[in-house]
Amino acid sequence: MRSGDHPERVRDQPALRTSTGAEWLVVGALLAAICAVVLLVQGVGTATGAAALVAGLFVAMVVVRVTVAARRPRLVALAVLLAAMPVVTLGALLFVLAA
C-alpha cells in the first residue's frame, strides 16, 4: 500500500485499484437482470423504457471493460455504470407509482 492510500476511503478500495473488471461484469449482469425483471413486471411503457436503459448500461459496462486499457479509469467507469442501474430503476418505479 502506498503511503497516501487510505483503504477506508471509498475511492481507495482494492476493488477500484486491483480488479480486472470481470467481477464488475458478473455483478452488473446480475443487477441488470434483477432490475429488468422488476421493471418489466410493471408492464408500463416507462418501465419498459427504463429496462432498456438498464440493459444499455450493462452493454456500456462490457464496452468499457473491453476498450479502456487504463485500470483505474476503467474500474471507476464500471462502478459509475453499475451504480446507475439501481438509480434508473428506482427513478422509473417512483415515476410509475406517482403516475
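Order of Leu53, Leu78, Leu97 from fewest to most other C-beta atoms within 10 Å?
Neighbour counts put them in this order, fewest first: Leu97, Leu53, Leu78.
Any idea how far apart Val44 and Thr18 come out in nm if each label point goes 7 Å out from Cα toward Cβ?
Result for the modelled spin labels: 4.5 nm.
Full-extension gain between Val76 and Leu30, please, as 0.36 nm times their residue separation minus the C-alpha to C-alpha distance.
14.7 nm
Which residues make up the longest stretch of the chain clear of trypsin sites (Lys or Arg not before Pro) that lie in a DSSP loop with no more than 10 other Cβ atoms within 10 Å, not counting the sites?
Of all site-free stretches, the longest is 10-99.
Treating the beta-carbon of each Lys and Arg as +1 and of each Asp and Glu as -1, no other charges, what is the dipole magnitude of the chain about its Cα centre, to the nearest 20 debye?
So the dipole magnitude of the chain works out to roughly 340 debye.
Would you be so kind as to identify which of Val54, Val66, Ala29 lies farthest towards the positive end of the dipole of the chain, taking Lys and Arg as +1 and Asp and Glu as -1 on Cβ and the Cα centre as origin?
Val66
Note the listed values [x] 1.19; [y] 1.08; [z] 1.13, then indicate which one is Rg/Rh (Cα atoms, Kirkwood Rh) calculated from this particular structure.
[y]
Where a number appears in this text, it was derived from the coordinates with a stated rule and is not lab data. Predicted, not measured: the structure shown is a model, and the values here were computed from it. Every residue, glycine as well, gets a Cβ built from its backbone with ideal geometry; the counts of neighbours run over all protein chains shown.
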